[in-house]
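Reviewing the structure listed below.
The values are calculated or read from the model by the stated rules, or taken from the named source; none is laboratory data. Here the structure is a predicted model, which means the values were calculated and not measured. Every residue, glycine among them, receives a Cβ derived from its backbone with ideal geometry; neighbour counts consider all protein chains shown.
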Amino acid sequence: MFGQNAYFFALVLSIILIFSSFNYPFLNTPVSGQTPGTPISQEQYDKIKNCTTELSKKPTPVEYLTYFNCGHVSKDDSGRTIRQFTLIVEENQKIPVTYEGHILDAWTFNGTIPGPTIRVTEGDLVRIRVINSNENSNPHSLHTHSIHYAKNDGVSMGGYPGGAISPGRSFTYEFVAQPYGVYPYHCHVDPIADHINRGLYGMMIIDPLEPRPQMTEMAMLLNGYDLDLDLEGPTKIPPAALFQTLEDSNMTEDMTENETSTEANTTLVSSSDLESADTEDDSGEDESSGEDDGGADRVNEIYTVNGKAFDYMMNPIVLQTGKPYRIFLVNMLEFDLVNSFHLHGAMFNYYTAGTDETADYNTDIVTLSQGDRGIIEFTYAYPGTYMFHAHQTEFTDLGWMGLFDVRGDPVDPPLHDAT
């Protein structure tokens, strides 16, 4: 009896050992395609993100859709990923913003409107060096939405060196990327609306540690142009000399060989300084503003997605039926309270601010306030040419409209979970 039981248990144990030696990946692979407990490498993740290898490229609006700059990558002693970026601010850049010959007297990050799409992963140490070119006339800064120390916030109120970078100087902003989501970045020197209107803005994507479900991705920033640059009221950009900040040799870098003593000595800007600048600068030209219009609202003459009016109508974006797509969407429109994105012929899942991996709702139109953003995911079931545009008719007529050229055979429309 004992011998029979021993034989039975030995047989069962042998069967268990044999089956445990087999690998059944389909039992362990989640929706995203990543096996739990097996962290993806930084190199593999960057390939999934479609990170560009041409970090100095100036993409056209068409190329901008899929131009993701993931920076120069290195590791610290603990193995944490460090991503380094350089943004060069240049004024007096002549940027074509329509097909009808309209040229903007632009201020740019790295020569394009918008600036490069910065892409990092949650937990990365991020260093962004902003260089204010010698030829410029105004101070500039970089403000990124997300979590960081005040000294890296890019505003002048606290007297931090990075709050207003004088022409010929630079500043390196450093922070740990957190939390994951989609964020705008922009110059934060007053008048902020004018610096943004001229082109000093872009998108920063902080990806979650575990990749989202893989699909073709695009970046779209919505904006407008007030071409005559009329500021309401008496606001003017104060002289750059007033924006010198607290001396900090470890954080600021001299970009000139012969810096004058005035530039070397840093002071805080007082409200009286700003008022005197407004009243004493009557004889000089102020290229950023026109005549005092008595407080009238500013008006955009052109509206775009990714910087050039009707560019995706002239160059339709080719998609395939049945294939999933993801759009990182940011509204950087000034002088209008809201903007919107409307998709024809399909519905999309919308993730507000991109700070969750569960969609908030399924729709075909989303309305965005200034600086608002999110993630759109959609699939086309039927071939054809479909519009996407602002649902404000004026914005559409003045440039904010594009086309999706959807190709392939019809497929069953995707089902959407109401929860």
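Among the aliphatic types (A, V, I, L, M), closer than 11 Å to LEU222 by Cα and surrounded by fewer than 22 Cβ atoms within 10 Å (Cβ to Cβ): does that describe VAL338?
Taking the combined requirement at face value, the residue satisfies it.
State all residues of region 107-123 that are surrounded by fewer than 22 Cβ atoms within 10 Å (Cβ to Cβ) and either in contact with a Lys or Arg (Cβ under 9 Å, 6 or more places away or on another chain) or within 20 Å of LEU221 (Cβ to Cβ) (or both); if no residue qualifies, say none.
Once the filter is applied, which keeps residues that are surrounded by fewer than 22 Cβ atoms within 10 Å (Cβ to Cβ) and either in contact with a Lys or Arg (Cβ under 9 Å, 6 or more places away or on another chain) or within 20 Å of LEU221 (Cβ to Cβ) (or both), region 107-123 yields ASN110, GLY111, GLY123.
In this structure, is GLU357 loosely packed, with under 14 Cβ neighbours inside 10 Å, over 30 Å from HIS195 (Cα atoms), among the charged types (D, E, K, R) and touching a strand residue (DSSP E or B) at 6+ places or on another chain (Cβ under 8 Å)? Break it down into steps so the answer makes sense when it comes.
On the way: loosely packed, with under 14 Cβ neighbours inside 10 Å: yes; over 30 Å from HIS195 (Cα atoms): yes; among the charged types (D, E, K, R): yes; touching a strand residue (DSSP E or B) at 6+ places or on another chain (Cβ under 8 Å): yes.
Against the criterion (loosely packed, with under 14 Cβ neighbours inside 10 Å, over 30 Å from HIS195 (Cα atoms), among the charged types (D, E, K, R) and touching a strand residue (DSSP E or B) at 6+ places or on another chain (Cβ under 8 Å)), GLU357 qualifies.
Please go through region 332-385 and pick out each residue that is charged (D, E, K, R) and free of Cβ contacts under 8 Å to residues at least 24 places away in the same chain.
The answer is ASP356, ASP360, ASP364.
So is SER141 touching a residue at least 24 places away in the same chain (Cβ under 8 Å), more than 28 Å from ARG212 (Cα to Cα) and not acidic (Asp, Glu) or not?
yes
Of the residues that make up region 124-134, is at least one of a type outside the set (Ser, Thr, Tyr) and without any contact (Cβ under 8 Å) to a residue 24 or more places away in the chain? Full working, then the answer.
Quick first cut of region 124-134, residues of a type outside the set (Ser, Thr, Tyr) only: 124-132, 134.
Applying the additional criterion that residues be without any contact (Cβ under 8 Å) to a residue 24 or more places away in the chain yields none.
Scanning region 124-134, I find no residue that is of a type outside the set (Ser, Thr, Tyr) and without any contact (Cβ under 8 Å) to a residue 24 or more places away in the chain, so the answer is no.
Of the residues ASP397, ASP372, ASP405, which is under 29 Å from the mean Cα position of the chain (by Cα), surrounded by fewer than 16 Cβ atoms within 10 Å (Cβ to Cβ), modelled with pLDDT of 95 or more and within 25 Å of THR117 (Cβ to Cβ)?
On inspection, the qualifying residue turns out to be ASP405.
Taking into account only those residues within region 128-179 that are under 25 Å from ARG80 (Cβ atoms) and small (Gly, Ala, Ser), which is surrounded by the fewest Cβ atoms within 10 Å (Cβ to Cβ)?
Applying the filter and picking the extreme gives ALA150.
Would you tally the residues in region 88-139 being over 22 Å from LYS151 (Cβ atoms), modelled with pLDDT of 95 or more, assigned to a loop (DSSP other than H, G, I, E, B) and of a type in the set (D, E, K, R)?
Count: 1.
Conditions first: (1) over 15 Å from the mean Cα position of the chain (by Cα); (2) within 29 Å of PRO208 (Cα to Cα); (3) free of Cβ contacts under 8 Å to residues at least 60 places away in the same chain. ASN110 passes all but one, so which condition is the exception?
Single failed check for ASN110: (1).
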